[in-house]
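One structure below.
The values are calculated or read from the model by the stated rules, or taken from the named source; none is laboratory data. This one's a predicted model, so the numbers in the text were calculated from it and none came from an experiment. Every residue, glycine as well, gets a Cβ built from its backbone with ideal geometry; the counts of neighbours run over all protein chains shown.
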Amino acid sequence: MALENMMTWEVNRSKRGFDDTPGQYLTWNWGVSEYLPLKKDQSLLAEIGPAGYGNFQVSDDTGMDARNPSAHDRAWAVGVQAGVTIPKRMMSLNFHWFHEYSAVSRFQGTVLGLSFVAKL
């Protein structure tokens, strides 16, 4: 079993060609997953479980081109993560799908992600 509970802080730079610097963001990522052997010798593992995040703007946008600088956006998302791991080769392929809900002052949508990790 794997548990994920992580916070990140995002500091933005000014947008190229505009006098607009987005505010800073705090994001909480969470997940729970279970590794399931696909082979009896555990040389190939599947991983699956629920995951999600909360994303919150914590400071004002700045600059002359900032449309509504004091409107702080936020969104919650929940979904699933799944993957395959080859422990002996130190390789994994993971996919996640999140459905955003309760978005404020921003677009709301679906987030898809794919990652491949290998030790060289």
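Among the residues of the stretch 51-70, those identified as assigned to a loop (DSSP other than H, G, I, E, B) and among the polar types (S, T, N, Q) are S59, N68, S70. Of the set (1) outside any strand (DSSP E or B); (2) more than 21 Å from T8 (Cβ to Cβ); (3) free of Cβ contacts under 8 Å to residues at least 40 places away in the same chain, all apply to L93 but (1).
Of the numbered criteria (1) over 21 Å from T110 (Cβ atoms); (2) surrounded by fewer than 14 Cβ atoms within 10 Å (Cβ to Cβ), the one P50 fails is (1). Being exposed (fewer than 12 other Cβ atoms within 10 Å of the Cβ) and of a type in the set (G, A, S) is the filter; apply it to the stretch 66-104 and report the residue that is farthest from L38 (Cα to Cα). So the residue we want is S70.
Scanning the stretch 35-94 for residues that are among the acidic types (D, E), within 30 Å of D19 (Cβ to Cβ) and under 19 Å from the mean Cα position of the chain (by Cα) yields one hit, D73. Checking each residue in the stretch 105-120 for being more than 28 Å from E34 (Cβ to Cβ) and touching a residue at least 24 places away in the same chain (Cβ under 8 Å) picks out S105, R106, Q108. Does Q108 count as surrounded by 13 or more Cβ atoms within 10 Å (Cβ to Cβ), outside any strand (DSSP E or B) and touching a strand residue (DSSP E or B) at 6+ places or on another chain (Cβ under 8 Å)? So Q108 fits the description; yes. Sub-7 Å Cβ pairs linking a first residue in the stretch 9-29 that is more than 18 Å from R67 (Cβ to Cβ) to a second residue that is β-branched (V, I, T) and assigned to a loop (DSSP other than H, G, I, E, B), at least 6 apart or interchain, are L26/V58, ordered by first then second residue. With respect to (1) of a type in the set (D, E); (2) under 20 Å from A2 (Cα atoms); (3) in a loop (DSSP other than H, G, I, E, B), the lone exception for E47 is condition (3). Taken over the stretch 1-39, the criterion of being in a loop (DSSP other than H, G, I, E, B), over 15 Å from D61 (Cα atoms) and modelled with pLDDT of 95 or more is satisfied by L38, K39.
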